[in-house]
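See structure below.
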Amino acid sequence: MDEGEIMVEQNRDDIDIDERRKRILELLHRDGKVKVAELSKFFGTSEVTIRSDLDELGTQQLLQRTHGGAISTYKSYYNMNFQERAEANKEEKRKIAVEAASQISDGDTVILGSGTTPLYVMKELKNHKNLIIITNSLSIAQEAGFNRNVTVVILLGGDLNFEYQFVSGDDAIAQLYKYKADKLILSSDGISSEFGISTYHHQEAELYRQMIARVDKTILVADYSKIGRANFSLIAGIDKIDCLITNENANKEEIEAYKEVGIEVRLV
């Protein structure tokens with residue numbers, strides 16, 4: 001939260017309890033965590049009032065209380081099916097996809113991990129020529145198949161997760177060993193300067209690690225809501241990323257931490 005934001009909120013003496021709690025959830029969704037002291041300054045109200053807000057939101061299972069604040073449970077996203085996830089933060093994902101597509105050259109061999117943001121990237125590759133696409137995503141393979149400029153589409157074989165439209169497992173990893181690619185478009189359920197790149201689906205973690213090992217450049221595409229989050233299964237440390245493409249409203253402290261380790265960060 002910057003000082004300008006704080007001053008704006010401090011002058012809003014008439015903000016009601018529902019609006020304040022809604023704004024708390026928006027900040028939590030953006031940053032992944034909030035602190036009582038900072039929220040107290042942000043809204044110009046007492047820490048007792050903020051604690052009461054957080055306690056009530058915690059009772060509704062909209063956040064998890066911690067000492068001095070709260071963290072996002074983010075459970076609602078994991079309860080969504082693939083189509084619902086595709087609609088979540090759609091415009092932010094589209095902006096990321098346009099930028100990611102600009103990093104792909106004609107004739108590239110590109111690995112795309114599963115997920116809704118890589119699917120948006122695949123849609124933006126319609127004007128690229130002579131591409132070879134390798135993916136573990138059924139939706140991406142299908143989208144690539146409709147693109148006449150794609151020379152080859154390779155769908156990795158393996159254990160099928162029908163609900164989220166991806167394959168994983170030893171067979172997929174064994175097949176991946178046969179290939180070398182120019183670039184990887186990878187998404188994750190979280191990226192944290194402390195924990196690294198992580199996924200909710202532990203079945204994909206090893207496959208993603210092997211994808212990173214098979215390419216010259218790894219491009220992580222993650223909308224602002226994933227920045228600063230840590231999820232169930234670690235994929236790799238942030239030092240394995242060459243480029244991160246995310247939104248301008250992503251957590252600024254995290255973005256600076258990524259830049260400090262040499263990651264190219266593109267904000268859209």
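The values are calculated or read from the model by the stated rules, or taken from the named source; none is laboratory data. Please read these numbers as outputs of a predicted model, since none were measured by experiment. Positions of Cβ are backbone-derived with ideal geometry, glycine not excepted, and every protein chain shown enters the neighbour counts. These area figures cover heavy atoms from the full protein model, side chains too; ligands, DNA and RNA do not enter into them. Shrake-Rupley method; radii C 1.70, N 1.55, O 1.52, S 1.80 Å.
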Quiz item: For Ala236, which sequence-distant residues (separation of 5 or more, or a different chain) have an amide H within less than 5 Å of its own amide H, given hydrogens modelled in the peptide plane?
Solution: Ile197
Self-check item: Contact order normalised by residue count of the chain, Cα under 8 Å, 6+ apart, percent
Solution: 15 percent
Exercise. With +1 on each Lys and Arg Cβ and -1 on each Asp and Glu Cβ, and nothing else charged, work out how big the dipole of segment 130-252 is about its Cα centre, in Debye to the nearest 20.
Key: 340 debye
Quiz prompt | Measure of compaction for segment 226-268 (Cα Rg per 2.2 N^0.38 Å) | solution = 1.12
Quiz prompt | Sulfur and carbon atoms: percent of accessible area, the chain [1.4 Å] | solution = 46 percent
Quiz item: At each listed q (0.08, 0.09, 0.14 Å⁻¹), what is the log10 of I(q)/I(0) that the Debye formula gives for the chain modelled as equal alpha-carbon point scatterers?
Solution: -0.36, -0.44, -0.94
Quiz item: Taking a ≥ b ≥ c as the square roots of the eigenvalues of the Cα gyration tensor of segment 61-186, is the shape rounded (a/c under 1.5), prolate (a/b larger than b/c) or oblate?
Solution: prolate
Self-check item: Helix-only [θ]222 nm of the chain, DSSP H runs n ≥ 4, -39500 (n - 2.57) each, per residue, nearest 500
Solution: -11500 deg cm²/dmol
Quiz prompt | Accessible area (Å², per residue) of the chain, counting only protein heavy atoms and a probe of 1.4 Å | solution = 48 Å²
Quiz item: Where does the longest stretch of the chain lie that holds no GluC sites (Glu not before Pro) found in a DSSP loop with 10 or fewer other Cβ atoms within 10 Å?
Solution: 1-162
Practice problem: Largest first and to the nearest Å, give the Cα extent of segment 147-240 along each principal axis. | Solution: 38, 26, 24
Quiz item: What's the percent breakdown of Cα-Cα distances in segment 15-125 across 5 Å bins, shortest bin first?
Solution: 2, 11, 18, 16, 11, 11, 11, 9, 6, 3, 2, 0
Quiz item: Which shape class applies to segment 89-160: rounded if a/c is under 1.5, otherwise prolate when a/b exceeds b/c and oblate if not, where a ≥ b ≥ c are the square roots of the Cα gyration tensor eigenvalues?
Solution: oblate
Quiz item: If you plug each phi of segment 29-46 into the Karplus form 6.51 cos²θ - 1.76 cosθ + 1.60 with θ = phi - 60°, what whole-Hz ³J(HN,Hα) values come out, in order, with x for Gly and Pro?
Solution: 5, 6, 9, x, 7, 9, 10, 4, 4, 5, 5, 4, 5, 4, 9, x, 10, 6
Quiz prompt | Loop-located chymotrypsin sites (Phe, Trp or Tyr not before Pro) in segment 131-172 whose Cβ has at most 12 other Cβ within 10 Å (DSSP) | solution = Phe146, Phe162
Exercise. In whole Hz, with x marking every Gly and Pro, tabulate ³J(HN,Hα) for segment 110-124 from phi via Karplus 6.51 cos²θ - 1.76 cosθ + 1.60, θ = phi - 60°.
Key: 10, 9, 10, x, 6, x, 6, 5, x, 5, 4, 4, 4, 5, 7
